[in-house]
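Next up is a structure, given as structure tokens.
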Amino acid sequence: MKRIFQSIAYTGLAAVLLTASGCKKDFNNPTAATSTQVLSTAKGLAGVAVGLQRTYANNVANGVADANGLITGETILMNAGNTSEFQFSNGGNAVDGTNALLGNVWSTSHKVIYDANNVINGAAALADKGYASGLIGYATIYKALSIGAVSSFWEKVPDTVGTSTTTFSDRTVGFARAIAAIDKALAAITASPISASFLSDIPAGVDIVNTLNALKARYSLFAGNYAAALAAANAVDLTKKSTLNFEAANPNPIYNSATSTNNLYQPVDSTLGLPVALAPTAGDKRIPFYTLINPTILPRFRLNGFWITATTPIPHYLPGEITLIKAECYARQTVPDLVNALIELNKVVTKKAAADPLGVGADLAPVAPVTTADLLNEIYKNRCIELYHSGLKLEDMRRFGRPNTERKRNLFPYPFRERDSNPNTPADPAF
């Protein structure tokens, strides 16, 4: 990622103080520029915004993929000495409020939301509206992703950040808040298109408008608003990609923690954790995309794909995800449109890797499910394969009504650091 703002982004307002308790965090660094100084200039705001991307990638995205993979059976634990992962591997009540990885996802998600709000509010006061809209759109991506992470993992979500006595709302409210933030960002960009000067000041790889529309489609789908999800999905240019880019000094976090060490987790096998009835079709070329075979040293299956080197980019979303959102929206309409649902599904099933901006392609013969239930099963199956290790499977398992026996927990307990500092913290879910 670009370094021009590192001194601001990582020693100023965006420095993450993760040792604070609960949602109340001391976000000030007495040795750095004051928040007023940092948030009063375009360059200062851009520095904070760039810091959001790194904090999100290294902590939220990495932690979500880790927990999600082990809980849903996508991956297997390699070393029981990794305490958090050992809890996920056992599941059920073994996962408790002491889990350090969950605590980190919780606190850093709220840190990203807090800093993103500061960027968005500061940008509104800038005279250069094209630079401001870029700041708003870019910060909103990581705000929405972080809200989505908390809403996918916990039954209730905090109503505010930065206070120790915040109240909580149902997680569906979290998805609604993410969508509302995206709508505001898209409106700002429509009113004042993003300036070239802003794009030159952020890391390469991020397609702001496409990512915002993709995330709106994702969270509208999760919220059950299929008309909005379909409209947002149709607004995404599927010939483009948007990625978190890395470099040697700031490596791909999943490569760094799992692929390079073989000490954390690896793919379970070629099923990618799907039951026999939904196992990948023989010859599905997404399997060798996402996994490698080690013929001599266990485990046999190893991570490949977006986590194979220290500098491999990780996508914000996959074009295949957007196509499958369209398929699901058609299938879940009040009067299911099975014709268009099947057309969209088979775009993913038959897609060749060369036709995908990210190189993901099943390259299979078309499928022909007969009933709506059969079609939804195929959509779920292909979401699990196409979006392997993206952190979305647990939400999908709940949405598609998969049996609890296929996962090791349904929703997560609240970190003790939150419970100890906030009397409004809800009761933990039973499973």
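The values are calculated or read from the model by the stated rules, or taken from the named source; none is laboratory data. Bear in mind that the values here come from a model prediction, so they are computed numbers and not experimental data. For neighbour counting, all protein chains shown are included, and Cβ atoms are generated from backbone atoms with ideal geometry for every residue, glycine included.
What pairs come up if the first residue lies in the stretch 232-243 and is under 13 Å from Val360 (Cα atoms), the second is of a type in the set (A, V, I, L, M) and modelled with pLDDT of 95 or more, and their beta carbons are under 6 Å apart, counting only those six or more places apart or on different chains?
Between residues of the stretch 232-243 that are under 13 Å from Val360 (Cα atoms) and residues that are of a type in the set (A, V, I, L, M) and modelled with pLDDT of 95 or more, the close pairs are Lys241/Leu358.
Additional query: Can you name the number of the only condition in (1) at pLDDT below 95; (2) surrounded by fewer than 23 Cβ atoms within 10 Å (Cβ to Cβ); (3) not in a loop (DSSP other than H, G, I, E, B) that Ile8 fails?
So the condition that Ile8 fails would be (2).
Considering Val161, Val157, Val119, Val150, which residue is modelled with pLDDT under 95 and either assigned to a helix (DSSP H, G or I) or under 25 Å from Ala67 (Cα atoms) (or both)?
Working: Val157 fails: modelled with pLDDT under 95; Val119 fails: modelled with pLDDT under 95; Val150 fails: modelled with pLDDT under 95.
Answer to the selection: Val161.
Do you know which residues across the stretch 313-357 are within 16 Å of Ser390 (Cβ to Cβ) and either surrounded by fewer than 19 Cβ atoms within 10 Å (Cβ to Cβ) or without any contact (Cβ under 8 Å) to a residue 40 or more places away in the chain (or both)? Don't jump to the end; show me each part of the working.
Taking the stretch 313-357 first, the residues within 16 Å of Ser390 (Cβ to Cβ) are 313-325, 328, 348, 356-357.
Within the stretch 313-357, Pro313, Val348, Asp356, Pro357 meet the criteria.
Pick from Leu145, Leu70: which is more than 26 Å from Thr166 (Cβ to Cβ), touching a residue at least 40 places away in the same chain (Cβ under 8 Å) and among the hydrophobic types (A, V, I, L, M, F, W, C)?
Leu70
How many residues are of a type in the set (D, E, K, R) and either under 13 Å from Ala227 (Cα atoms) or not in a helix (DSSP H, G or I) (or both) when one looks only at the stretch 334-352?
Taking the stretch 334-352 as the starting set, the residues that turn out to be of a type in the set (D, E, K, R) are 337, 344, 347, 351-352.
Applying the additional criterion that residues be either under 13 Å from Ala227 (Cα atoms) or not in a helix (DSSP H, G or I) (or both) yields 337, 351-352.
Residues flagged as of a type in the set (D, E, K, R) and either under 13 Å from Ala227 (Cα atoms) or not in a helix (DSSP H, G or I) (or both) within the stretch 334-352 amount to 3.
Could you list, in sequence order, all residues of the stretch 283-333 that are small (Gly, Ala, Ser), part of a helix (DSSP H, G or I) and touching a Phe, Trp or Tyr at 6+ places or on another chain (Cβ under 8 Å)? Full working, then the answer.
As a first pass, look at the stretch 283-333 and keep what is small (Gly, Ala, Ser): 283, 305, 310, 320, 327, 331.
The next check asks that each one be part of a helix (DSSP H, G or I); those that pass are 305, 320, 327, 331.
Answer for the stretch 283-333, where residues must be small (Gly, Ala, Ser), part of a helix (DSSP H, G or I) and touching a Phe, Trp or Tyr at 6+ places or on another chain (Cβ under 8 Å): just Gly305.
How many residues does the stretch 385-431 contain that are part of a helix (DSSP H, G or I), out of contact with any Phe, Trp or Tyr (no Cβ under 9 Å at 6 or more places or on another chain) and closer than 30 Å to Thr281 by Cα?
Within the stretch 385-431, the first condition is being part of a helix (DSSP H, G or I), and the residues that meet it are 385-386, 393-399, 404-406, 416-421.
From what is left, the residues that are out of contact with any Phe, Trp or Tyr (no Cβ under 9 Å at 6 or more places or on another chain) are 386, 393, 398, 405-406, 416, 419-421.
Those left that are additionally closer than 30 Å to Thr281 by Cα: 386, 393, 398, 405-406.
Count: 5.
What number of residues in the stretch 209-245 are hydrophobic (A, V, I, L, M, F, W, C), surrounded by 23 or more Cβ atoms within 10 Å (Cβ to Cβ) and within 25 Å of Ala124 (Cα to Cα)?
4
Being in contact with a helix residue (DSSP H, G or I) (Cβ under 6 Å, 6 or more places away or on another chain), of a type in the set (Ser, Thr, Tyr) and more than 17 Å from Tyr388 (Cα to Cα) is the filter here; which residues of the stretch 47-97 pass it?
Thr55, Tyr56, Ser84, Ser89 - these are the residues of the stretch 47-97 that are in contact with a helix residue (DSSP H, G or I) (Cβ under 6 Å, 6 or more places away or on another chain), of a type in the set (Ser, Thr, Tyr) and more than 17 Å from Tyr388 (Cα to Cα).
Which count do you get for residues in the stretch 94-145 that are small (Gly, Ala, Ser) and within 20 Å of the chain's Cα centre (by Cα)?
8
Which ones in the stretch 209-231 are among the aliphatic types (A, V, I, L, M) and either in contact with a Phe, Trp or Tyr (Cβ under 6 Å, 6 or more places away or on another chain) or without any contact (Cβ under 8 Å) to a residue 60 or more places away in the chain (or both)?
Going through the stretch 209-231, the residues among the aliphatic types (A, V, I, L, M) turn out to be 209, 212, 214-215, 217, 221, 223, 227-231.
Listed by number, the residues that qualify are Ala214, Ala223, Ala228, Ala231.
Could you list, in sequence order, the residues of the stretch 353-372 that are within 27 Å of the chain's Cα centre (by Cα) and not in a loop (DSSP other than H, G, I, E, B)?
Within the stretch 353-372, Ala353, Ala354, Ala355 meet the criteria.
Here is a list of conditions, (1) within 20 Å of Asn117 (Cα to Cα); (2) not in a helix (DSSP H, G or I); (3) not aliphatic (A, V, I, L, M), and Gly224 meets all of them except one; can you say which number that is?
Only one criterion is unmet by Gly224, namely (1).
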